[in-house]
Every structure is written in structure tokens, then in C-alpha cells.
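Enquirer: Provided herewith is a single structure, encoded as C-alpha cells, for subsequent inquiry.
The values are calculated or read from the model by the stated rules, or taken from the named source; none is laboratory data. Since the model is a prediction, treat every value here as computed from it, not as a measurement. We place every Cβ from the backbone using ideal geometry, glycine too, and count neighbours over all the protein chains shown.
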Number of protein chains: 4
Amino acid sequence: MKAARLYEYDPDMNVELKIENVPPPTITAPDEVIVKVGAAGLCRTDLHIIEGVWKDIMDTEGNLLPYVMGHENAGWIEDVGSAVTSVKPGDAVICHPFRSCGICLDCRYGHDMYCDHGQFPGLGIDGGFAEYFKTNESSLIKLNTGITPLEVAPMADAGITAYRAAKKAAKLLNPGGYVMILGVGGLGHIALQVLKETCGARIIAVDREPAAQVLAKELGADIVLDGGPNLIEEIKELTGGGVHVAIDFVGEHGTENTCWKLLRQGGELIMVGYGGTIEVPTLELVANEIKIGGSLVGDFVELVELMELNADGKVKMHQTEYSLANINQAISDFKDRKFTGRGVIVP
Amino acid sequence: MKAARLYEYDPDMNVELKIENVPPPTITAPDEVIVKVGAAGLCRTDLHIIEGVWKDIMDTEGNLLPYVMGHENAGWIEDVGSAVTSVKPGDAVICHPFRSCGICLDCRYGHDMYCDHGQFPGLGIDGGFAEYFKTNESSLIKLNTGITPLEVAPMADAGITAYRAAKKAAKLLNPGGYVMILGVGGLGHIALQVLKETCGARIIAVDREPAAQVLAKELGADIVLDGGPNLIEEIKELTGGGVHVAIDFVGEHGTENTCWKLLRQGGELIMVGYGGTIEVPTLELVANEIKIGGSLVGDFVELVELMELNADGKVKMHQTEYSLANINQAISDFKDRKFTGRGVIVP
Amino acid sequence: MKAARLYEYDPDMNVELKIENVPPPTITAPDEVIVKVGAAGLCRTDLHIIEGVWKDIMDTEGNLLPYVMGHENAGWIEDVGSAVTSVKPGDAVICHPFRSCGICLDCRYGHDMYCDHGQFPGLGIDGGFAEYFKTNESSLIKLNTGITPLEVAPMADAGITAYRAAKKAAKLLNPGGYVMILGVGGLGHIALQVLKETCGARIIAVDREPAAQVLAKELGADIVLDGGPNLIEEIKELTGGGVHVAIDFVGEHGTENTCWKLLRQGGELIMVGYGGTIEVPTLELVANEIKIGGSLVGDFVELVELMELNADGKVKMHQTEYSLANINQAISDFKDRKFTGRGVIVP
Amino acid sequence: MKAARLYEYDPDMNVELKIENVPPPTITAPDEVIVKVGAAGLCRTDLHIIEGVWKDIMDTEGNLLPYVMGHENAGWIEDVGSAVTSVKPGDAVICHPFRSCGICLDCRYGHDMYCDHGQFPGLGIDGGFAEYFKTNESSLIKLNTGITPLEVAPMADAGITAYRAAKKAAKLLNPGGYVMILGVGGLGHIALQVLKETCGARIIAVDREPAAQVLAKELGADIVLDGGPNLIEEIKELTGGGVHVAIDFVGEHGTENTCWKLLRQGGELIMVGYGGTIEVPTLELVANEIKIGGSLVGDFVELVELMELNADGKVKMHQTEYSLANINQAISDFKDRKFTGRGVIVP
Ligand SMILES: [Zn+2]
Ligand SMILES: [Zn+2]
Ligand SMILES: [Zn+2]
Ligand SMILES: [Zn+2]
Ligand SMILES: [Zn+2]
Ligand SMILES: [Zn+2]
Ligand SMILES: [Zn+2]
Ligand SMILES: [Zn+2]
Ligand SMILES: [Zn+2]
Ligand SMILES: [Zn+2]
């Protein structure tokens, strides 16, 4: 089969994936499935892998390369192991990125992402930038009638990370309340749509990019701001004291210490982006009774819920498609922010 | 001032309110306010009062009549008592129907409706079918800029009763879930709009009236049914096993024993309408782990939240206006279901 | 191995289980485990099986007999299938009664008990009234150090059913609140201990049996009543208006229509026992805003939590032991209420 | 009446309160009450007031002195305003420290502490280090039968601050979980007792003072540690990965950056103490999905709940009594940590 493989890490990213013919994966355990890839989302994590950022975590012995990235996958079942009963060849599916164990206590509580016994195809084992890839039954969700893998692939990671944060936010919000989304990119534009459908609060979208501001407006943000130097005062004024919830999809370059200052008494900041360090006086935390918490990739059931919103036409992924042969162009365009929303690779 | 007063109870409702000149109310306690009525919603409860249904509750001594009904009021502040600080003459306000005490433990928990020390203007003391009526500071909510009393008066009771039920339902629902609304009248059409904005679930609206079905479709119900004899099978089929939540705005004539049979395992029925008696085998409750619970008029803060949804253009009251002079016509039309949504009296 | 097998259903229960030698179970699938039974709780459900009540559900073809009952099992791992990694021979375990599929959406939400693809060893396939029985990896919880299978076996069903109800109740209660437990038997005495540890509310225990009343007092119930004819007035008086939560472990013979009348405004009734039919006017539901809901057997994680409470010495099963050879005596004593708490069979 | 008045701020605290005769307070508004002080808790805040820390907040015009401190008050009703109906002279009461307005939206949601229109007797207006002080009806809770003001006065601030944090923690905890309390002083020893009664989790108490360690053990902490340099490793080892919830009653001198490192994935830190600055990499927040939030003084209903726990014998204040004449000695002993628990002034 055709696959795009990484042969070398390079902090400067002056390397290209090699499009080549490799043997397709085969079933070796009863719960495994082979998926014919319909589309695979391109993620900032993929750039970091190329840069070597993940080397110490997923390639400790230095023998991983050459390997196939791609962890935001959707496609059709090609083959199934002997114990698989819930899908059959031909079924259209989206693949949760994490093959959790299903047995440990975290899994039993439904916190798949806390499982210590799982695997991420595309991060340390071959993924979806290829014609076929292998995962297991418990990571699969059948697509609703009329939905194609191409429309939804990046939901598998970008989508659910945004969905999880938005769901947390929605639980904290009432009509008349304010929620701020900082960063209306691949994740933020999904969070915006989810909040629009699941809470009656007002949405303030903040992004420096004019194209992202236009998208935010189209998707129904009540207020769109460019995040200039007076953002804190501006928002306190607009909201009569600060927002009830803020979601920070950036988390570095100073935003990490902007958002908690925008909160109203009793407010909560949900961090999704990362990189920076938060410095907050405990007096501020206590006197304003504010909360700051991180948010991970969504669990399996959160991908199920997001796919239902998508099937109902309530949440759509804005994306740009590239063929597998053009994956290096896609990576280059992504670095240079030549497209809005998400880039998607189609084998 | 002009007021419409009831002089006599009649189970057959062959009596008319008398439109007459009476002395306007005056401030007699420091927390009281006089409201110039902008509009007052006409409620099924008003019909029941005329019929004498409420006589034993609010007129035990038989000396209440003649008196002014009207408990769904909005208008402008005319005069305020010495301790009132949050509103001033001229302010446009909507009035929560219940003047709760603010001191008892139920009030302190925010459960105003459980307060044993409050009063309902319009139910046992003079209400809003007049040019002026009296309430107290703690029942007032200032209208958002651009909102007129006429647009919102029935929100004060019909609106918040529906809102409270819809809010309970929304907390139980996830995207991909199903909620059924039984009865798309003055309350149901508000619940439908609230659910549309505050949960990502699918809405099934059920009503026998074609006009109500049209309204439900316009307001965005995903599925509209007429509630024929096969409703249970139909809904189990459509939903793959039953709805997650049902709200019953009828509660009599058999619906009270239809809705719990429509629930999926783990589902919940919220009763707002009443009249009938539920008969449910405990085995059904346990084996399906279903829940059945009543829902009251909304608390003060629920009216605040509903007014914010209204100000944001997300929830609107569908209504028909009558002048105070025509109140007897309004009552007659209401009995004969000559209008959809709510009837509103304008002094 | 020795096993007690049922050869015949009899509504009058004039049959005995036959203690005989049968071939032990063997591993036939990669996720299976053989457990050497340490103890197996005797359940009212076992009596119902003998009576033939479950025949139409679990023996539709009429070829189940002879078979081994026993669904409340704990013991030691004897053998494991090829895919089992979380336990090894010799480990002491308690077995959740339900082998859920782990793949369906209900399972993924952590609602194991709603899974449509599972099996109950002891109900339709051979269970634990034997020296060995077979279950699968995902139903196993390793015992904490120092805990023996004998001490905990009935926790696997009686325990978690009570725990689930008590956990629901605790979430609804605050200090100063009142919770009533109706029926302090094998389930009720566990719920009492759980509530004692997990909410600060006051516990009212009601049971007609003097021995159960003594046990309730010993376990720390604040008020113990015998449930006489004035129970409703008595409790309304004691609590200043009714209890916040009631748990009904009986659910028949009239209790099913006693408990909802004992609730305070906003209160909730949790039904665990069943048999009777609830008849409640919708007006009562709405005006008092009360809720009535059933409660099932607990999920896997609830058994984990209960085992932790047990390991910490906070919740203990009161039980009477019988050898496997004396199982027919145990059944007879259970019918005649000759012991308090739970009967346990030790092979 | 006798009162202890502050005449001068001094950062070095080389000043004494003057015990003198002053006119008692009188009713000047219909909702006011005069309370004959039974006891008044001595708070770290009182020390800060003497030091001048609060001068810029509550004495902006510089004309407050001489004035009477004391905001943790309990006693008996001496006189009531014309609108007061819920208490009468002679009633024993505890006084929530904050006279909230009852009208604003925060008050209506039950968030009294967010009210912008309230007053704190003892902080900016005369308080309870005197024979009488003035507050209003809505801050009063009648004591349960048999409870004296002396036993409970510090519950009014120290108690509810601890209770609020403990209640938040309890909601996050399950049996088998771990909660750490850092600092077992006047607040921490209350939180410990509350957690003991309201969640089934294991309690780890950490304090450098041997006397506090003894108290923690007596009150039922499962594990007591002295908070040495290896605290993080020690706790990760003991808990198998970190605690589920930590409550930091210190919040300065380095603890503010210790506690979040002790959390398990998905864990939450509740800050009550303050002074230091938290520095946390956003990557830590996100990858471990941890949360950090401040906690304020408890609301009115939280004081009600705490008083119920106290009346039931479940939570007790450990305290040392001083006469009003000896208040300067009490202050001095507090500075020098000569007593454990709380100091209480008795007029
Ligand atoms: Zn990704
Ligand atoms: Zn980066
Ligand atoms: Zn796992
Ligand atoms: Zn009404
Ligand atoms: Zn009240
Ligand atoms: Zn059982
Ligand atoms: Zn399942
Ligand atoms: Zn204090
Ligand atoms: Zn200090
Ligand atoms: Zn206020």
C-alpha cells in the first residue's frame, strides 16, 4: 500500500515524508481491525513529531523510524479479528485516537484518556497517513447514515478536544452568562459551534487573524474581538465584570496569564493550549474564588456525542483537503497558516 | 383606575368580569412598589379561579370578592416604598408572580417557590388585570434595553414554568439523545425553544392540534407527531428504545400514563400538567431505572435567565392581545381555544 | 467438583438442590477465568428461581436444568484465559455479577447494567454454589490486603444494590436533612452504613422486625421506627414536614404507596424493592415537586467503591454461614427468616 | 456597655485594645437586631486589622478608629427592628458575618458572599468584642436546642470557610479516594471533621506542629504527616499516584506550589490560605488535567448546614476561652501560637 513515512527528525523541519509502497498491516490479535483510510487529519502534534519533540516519549530506543504518522482517522472496515462483533467489513467508521485497555479502573469510570495501558496509532505505532492502518474494536464508532469519513476525520482529535472543553464550559453557564473562546482555529471553531448548541450563554470569540474573526462571526459568535492590548478592560466592560468561563486554546505567548484576569467572581478558566506558565497570586484565586483547570483530549463517548451533533448538522469541521501524494505541501501550508480550519490528507 | 373585577364564582363560567373604576393601590410598607401594568397574561389558573376551584385555598372566609385577578404581569414602576433601592419610577420591569419572604431557609437556598411566607398578587390579593397593581421589590426584574412589557408579560408564569422543566431536562440530555415535549401550547412552545438553545439533543414535539404542530415545526422541533394511539411504539421505533427525557404539559386524560412507557432505560419523566393519576408498577421503575418527578413554577433566577434568552432573541412568547375592556372576550376565546400561544391583556 | 444443582422448578418450593459431583468448568475463550469459590451469597432471587419465576426469562427452551445457581461470588483465581492480564492464579477476587460486553455505548458510559450483550453467571448459566465457577476478566475486582472472600461475597449483589441507592441518596442530602430507609435487611443494613459514612444527614430506619431494629440502632441510625399505622404523621412530625429522601427496600404490600407521602417538598423516593404498583396523583407530584425513581443493581465501579469502604472498616456485611452440603437448610432458614442480614454458602 | 476598641494601627502590633465603657448600639432600621454577645471568635483577620493591612479597604477616610472588632459572633437577641419576624428577644443565635442585601442577583442565586451591597460587622463597622453589637435579621441562625453561643461562635467564619472547602471536596471524592488537608489549625480541624462525616474517602492530614498532628489523629485522619521535604514523593507513594483532592489552608511559604504537584490525574486543589503566588506550567495543567481553585467564606446556608452537623455532635470547635478583659492576652497568645484550635472572647 501507499504510505507517507518519516525517516528523520529535524527541529528545523527541513525534511519531507517519503511516499512509498509498504506492506499493509495485518490482524495479529482477536480484537484488532484493519481500516481502509478515508481521510486523516493533519495535527500540530504531527509537526512536533517531525521536530523531534516527541522522540523521548515515543521513540526512546531510537528504532521507531521509518514510521507512519496520522492519529485523526476515519475510513471503512477492511478486516476484523476473530473476537470483533460490533463492526464488519465495509462499515464506515471514525477512530478514537486512543486504544484504551477497557479493564483498568480509569477505563471502567469512562476516563479512557487516563488509562495507562493503551496505545495511540500514529504516535509511536503506525497511523493513518497511508491506505490502511490498524486499530482495535473498542476505538471505533460507526458513522451515521450519509456521513462520509472525509467530512469528519479531524473530529477524532481536534474535534473531541474542543468538544470536551466546550462541554465542561456549558455545564458552568446559564443564559445571560458569558463565555470567551481564545483562538478560533481548528479546535476553537468547533468549541464555538458546540457552545452555540448546548448552552444559552453569550459567546465572545477572540482571535488576531482576520480570517478567523470572519469565521467566528459566521458561526454565530455574539461578540468578536481581535485580542488587542486592552482586552481585559474591554471584556470587563462588555460583560459587566468579567466572563463566567474562558477557554484558552493558545496557552502560551502571554495568553496563559491573560485569561484568568478576565474572569468574573466565581469564574473558571479551561486551558487547552499549552506552552506558557501561569503565575497567579493565591489571594486572587481566593478573593475572586476563580478556578483554573486543564482539559485533555476527549473520551470515547465524547466523540460519540460530537458525531451526533455533526450528523444533525449542528457542528461542522472547516477543512482543506490534500492528497496523500501532496502531504508535504499540506505540512508546509500548515506551518505557514495558508489555510483556516483543519488540513486533511486523503489517500 | 380601571380594573376588571370578579364578583362571583361559577363552575359553568357564565359570569363576566366587571370593568370598573376603583381606587389605585398605595404603598403601605417600605419594600412595596406600585407597577403601572403594561400587559398581563391570561392563564388557565384564571379560568379555574372563576370556576371556584381555588375558593377553598385563597378565599376561605368568603370575603375576597370583588377582586382583581392577573398574576403574569409586566409594566413600569410608578411608585416605590422607602426601603426600595434597586428600581425607580419609570423603570420597565417584569414581576415574578410570587412575593417570597427572603428570610426563610427555602428562600436562602434559592427555592423561592417553597417559601411558606409569601404572597401571589392575582391569587388572593389584587393582581394585574388593572391599570396598576402592587408587589414588592424582591419580585422585580428590570427589562433589558429594547424589551417592552407587552412582549414578555406571560413569561412571568407560563414562561418560567416551561423554562424550569426545560432546564431540568437539558441537564439530563446529551447530543444524540431524545427529549419529548407533550403539548405545544403556551408552556410547551417555550420549553421547545429553550431546549433548542440549551442542549444538543433531538426534540420530539407531540400535539393533537394541527396549528400547534405547525408552530412546533417552525420553532425547530426535529420530529413532530400527533400523538395517535400508537405513540408508544412509534417513539420507541424512532428513538431506538425510547426517549431519554419526556416533559408532559398535559398530565391528564391518559397522557399521565403514556409518558413513562416511552422512556428508555435510565430515562426521566418531568410532569408539569396535572389532573390524572399515575399508576406505575414498581417493577417497571426498578427494572428500567426510570424516574418520574413533578415540576413547579420557576424560581426568581429562572425568570432572570429566561429574560436573558428572550433579550438575545432566542425565546419568544407567541401571543394574542386583548384590551382590558375586552377581557371577557379573551376569556371566552381562551376557553374555546380560538388562539394559539398565550392571551395577553393590555390595560 | 462438588456442586448444588437445581433439577426442578416448584412454586411451593418443596424441592431440594442436589449436592453432587460434576465436571469443573474450563476456559473456552481468551478473556475467561475460573474462580475457586470462597463463598457465595444466597439471594431472594435464588428462591424466585426455584419457584420458577425466572423460567420464562432464563430458561425459555426448557433445557437449562440441572444447573448451578449462585450469583454473589468471591474466591480465588484458579485459571485464566490467554488474553487475561490483570489477575493471576491465587489472587483473591470478588466477582461483579454481570459479565458486560465492554464495547456497547452503555458500557462505555459506565452503565454496565444497561448493557444488552452481557451474561449473569448463576442466572441462566452455571454460578457459584459449587467449588468452581467461570466468569470473565472484566467482572473481577482484586480484594484488598487482609480481606477474605468469605467476608464479602454478598457485596457482589446485595451490597452494590444497596450502595447504588445510598449513593444516589447521599448526593441529594445535606447536613440537617433526613433520609428514611424502609427495610433494614440484607440490603438496607448496607445502605444504612454507607449513608452514615457519606452524607451528614440524619437517618431514620424503619423495620417491623425487632432484630432489624436492634441492628439499625447498632449501626448508628439516628431514629428507629417500627413502621406502624401512623408512620406518615410520625415522620412528618419528627422531621418538620417530611424526609428529603426515602429509600424503599420493600416496594410491596403497601409500602410502595407510603413512602412518597412521607417526602418533603422537593423530596425524592428511591425504589429498590418491587412488587406493588404506585398510584400517585400528578397534582401531588407537581405541587410538592417530588420525584419517584427506581434503582438497579450497582455498576462495576460501585462495587469497587463499596469494597474500599469495606476495606477501611466502614461497611460490613452481617451474615450467617452454611456449608455447601447444608445449602438446603440455608434456603429453608432464609424462607423462614431464621437469620438476620445475609446467608452465605461456603463450599 | 463594655467594649474592646482599637485606637491605632501598628504593623509591629505593639498596641493594645482599650477596654472601656461605650454607649450600646441601637436599632435604626426596621430589619436590624441587637445581639447580646455570648462569645466572639478571635481571627487572624483581627491581627491583620491591627497591623493596618485592612486600612485601605475599610478605613479609606481614616476616621474609623476607635472601633470594635469581632466578626465571629454568637449570642442572644436583645432587641429587634419593626420588620423582624423570624427571631425575638431571648433567642440564642449565631450570626453569619456578612449582612448581604438579599436583592441583588448574586444574593438570589444564594451566593451571598458575591453580594456587592453588604456589610461586615467587625470589619469597618462595630463588631462583637463588646457586650452588644448590631446586625440584621437576614444574617441570623437560631441555635438548635441545647447549643450555647459559647460553643459555636467561631463557626461563623473559621467554621464556614472550612466547611465550604470541605463540601466542595466531598463532591469530588468517592470511597477509596484520597483527600489531603494541609494545615490542621482553626480551619483545618473543622474541614477534617466535615470530610470524615460527608465522604467515604481517606483523609491525609499534614501539619508541622506536633499538637496539630495529635489533634488530627484524634479527629480520625487516616494518615498524619509532618510535611517534610519529601512530602510529594511520600504522598504519591502512599496513594498510588497522588491525591484526588487537596485543600491548602496555608497558601504561602511554598505550600502554594507543593499541593498541585501532589494531585493525581484529574485531581483538584482547593486554596483557602493565601499569600504566595502559584506558578504552574500550562502543560502540567493540561497533561494531568488538574484544577486549581480558590475558596471563600461560606454562604449563609453553609453556616446552617454546619450548625446542624454541630448539633448532631459530628463537628466540634476546639477552642480556648478568654474574658473580654483579657482580650489583649488572647491576641498575644494567638500570635505566639500558645493555643491550638481557636481563641474565643467571652464578654
Ligand atoms: Zn491531533
Ligand atoms: Zn507548539
Ligand atoms: Zn485502561
Ligand atoms: Zn399563570
Ligand atoms: Zn421565604
Ligand atoms: Zn442477589
Ligand atoms: Zn455492553
Ligand atoms: Zn474570621
Ligand atoms: Zn497573614
Ligand atoms: Zn446582594
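Enquirer: Out of B:A162, B:A216, B:A205, which single residue is closer than 20 Å to B:D299 by Cβ and either touching a residue at least 40 places away in the same chain (Cβ under 8 Å) or assigned by TED's automatic domain parsing to the domain that holds B:I247 (or both)?
Expert: B:A162
Enquirer: Just the residues that are assigned to a loop (DSSP other than H, G, I, E, B) and either under 16 Å from the mean Cα position of the chain (by Cα) or within 17 Å of B:I34 (Cα to Cα) (or both), please, taken from the range B:101-129.
Expert: Those that are assigned to a loop (DSSP other than H, G, I, E, B) and either under 16 Å from the mean Cα position of the chain (by Cα) or within 17 Å of B:I34 (Cα to Cα) (or both): B:F120, B:G122, B:L123, B:D126, B:G127, B:G128, B:F129.
Enquirer: Turning to a different aspect of this structure: Condition first: outside any strand (DSSP E or B) and at positive phi. Can you find one or more residues in the range C:222-233 that meet it?
Expert: Yes, there is a match, as at least one residue in the range C:222-233 is outside any strand (DSSP E or B) and at positive phi.
Enquirer: Of the residues that sit in the range D:249-259 and are more than 9 Å from chain A (Cβ to nearest Cβ) and under 16 Å from D:A205 (Cα atoms), which one is modelled with the lowest pLDDT?
Expert: D:T255
Enquirer: Now for a separate question. Residues A:G220, A:G266, A:G276: which one is of a type outside the set (K, R) and more than 7 Å from every other protein chain (Cβ to nearest Cβ)?
Expert: When all the criteria are applied, what remains is A:G220.
Enquirer: Pick from the range D:35-85 the residues that are more than 25 Å from D:K142 (Cα to Cα) and aromatic (F, W, Y): which of them is surrounded by the most Cβ atoms within 10 Å (Cβ to Cβ)?
Expert: Here the residue is D:Y67.
Enquirer: Let me ask another. Can A:P97 be described as away from ligand 2 (no atom under 16 Å from the Cβ), under 18 Å from the mean Cα position of the chain (by Cα), surrounded by 15 or more Cβ atoms within 10 Å (Cβ to Cβ) and under 18 Å from A:F133 (Cβ atoms)?
Expert: Judged against the criteria, A:P97 is a match.
Enquirer: Is it the case, given these coordinates, that B:V37 is modelled with pLDDT of 95 or more and closer than 20 Å to B:V84 by Cα?
Expert: So B:V37 fits the description; yes.
Enquirer: Another question, then. Would it be correct to say that D:K36 is among the basic types (K, R) and closer than 30 Å to B:G102 by Cβ?
Expert: Spelling it out, D:K36 is indeed among the basic types (K, R) and closer than 30 Å to B:G102 by Cβ.
Enquirer: Just to verify a result, which residue in the range D:166-220, among those that are charged (D, E, K, R) and at pLDDT below 95, is surrounded by the most Cβ atoms within 10 Å (Cβ to Cβ)?
Expert: Once the filter is applied, the top-ranked residue is D:E209.
Enquirer: Can I ask one more? Identify the residue in the range A:25-47 that is out of contact with any Asp or Glu (no Cβ under 7 Å at 6 or more places or on another chain) and either hydroxyl-bearing (S, T, Y) or assigned to a loop (DSSP other than H, G, I, E, B) (or both) and, among all such residues, is farthest from ligand 8 (Cβ to nearest atom).
Expert: Ranking the candidates gives A:T26 first.
Enquirer: Does C:T135 satisfy the criteria of being at pLDDT 95 or above, polar (S, T, N, Q) and within 19 Å of C:G298 (Cβ to Cβ)?
Expert: Here the answer is yes, as C:T135 does meet what is asked.
Enquirer: Checking the conditions here, which among C:K167, C:K88 is at the interface with another protein chain (Cβ under 10 Å from one of its Cβ atoms) and more than 16 Å from ligand 2 (Cβ to nearest atom)?
Expert: C:K167
Enquirer: Can I ask one more? Hey, among the residues in the range B:291-334 that are within 14 Å of chain A (Cβ to nearest Cβ) and aliphatic (A, V, I, L, M), which one's farthest from B:V346 (Cα to Cα)?
Expert: B:V301
Enquirer: I need the full set of residues from the range A:150-198 which are within 19 Å of B:L172 (Cβ to Cβ) and touching a Lys or Arg at 6+ places or on another chain (Cβ under 8 Å), in order please.
Expert: Across the range A:150-198, the qualifying residues are A:P175, A:V194, A:E197, A:T198.
Enquirer: Then there's this: Evaluate the following for D:Y67: is it within 23 Å of D:L47 (Cβ to Cβ), of a type in the set (S, T, Y) and either in the same structural domain as D:I50 (by TED's automatic domain parsing) or within 16 Å of ligand 3 (Cβ to nearest atom) (or both)?
Expert: yes
Enquirer: Going by the conditions given, is C:E305 farther than 30 Å from B:G267 by Cα, of a type outside the set (A, V, I, L, M, F, W, C), modelled with pLDDT of 95 or more and not in a loop (DSSP other than H, G, I, E, B)?
Expert: No: the conditions fail for C:E305.
Enquirer: Take the range C:221-241 and flag every residue that is over 16 Å from C:L173 (Cα atoms) and either touching a strand residue (DSSP E or B) at 6+ places or on another chain (Cβ under 7 Å) or buried (at least 19 other Cβ atoms within 10 Å of the Cβ) (or both).
Expert: If the condition is that a residue be over 16 Å from C:L173 (Cα atoms) and either touching a strand residue (DSSP E or B) at 6+ places or on another chain (Cβ under 7 Å) or buried (at least 19 other Cβ atoms within 10 Å of the Cβ) (or both), then C:I223, C:V224, C:L225, C:G227, C:L231, C:E234, C:I235, C:L238 are the ones that fit.
Enquirer: For the range D:223-240, check the following and say yes or no: at least one residue is within 14 Å of chain C (Cβ to nearest Cβ) and over 22 Å from D:E284 (Cα atoms).
Expert: Yes - at least one qualifying residue is present in the range D:223-240.
Enquirer: Could I ask something else about it? Output the qualifying pairs, or none if there are none: Cβ atoms under 6 angstrom, residues six or more apart or on different chains, first residue in the range B:223-234 and of a type in the set (A, V, I, L, M), second residue in a helix (DSSP H, G or I).
Expert: B:V224/B:Q213; B:V224/B:A216; B:V224/B:K217; B:I232/B:K261; B:I232/B:L262
Enquirer: Please go through the range B:41-87 and pick out each residue that is under 16 Å from B:L6 (Cα atoms) and among the small types (G, A, S).
Expert: Of everything in the range B:41-87, those that are under 16 Å from B:L6 (Cα atoms) and among the small types (G, A, S) turn out to be B:G52, B:G62, B:G70.
Enquirer: While we're looking at this one, here's another question. List, please: which pairs have Cβ atoms under 9 Å, are six or more places apart or on different chains, and start with a residue in the range A:44-55 that is more than 13 Å from chain D (Cβ to nearest Cβ) and end with one that is part of a helix (DSSP H, G or I) and within 16 Å of ligand 6 (Cβ to nearest atom)?
Expert: none
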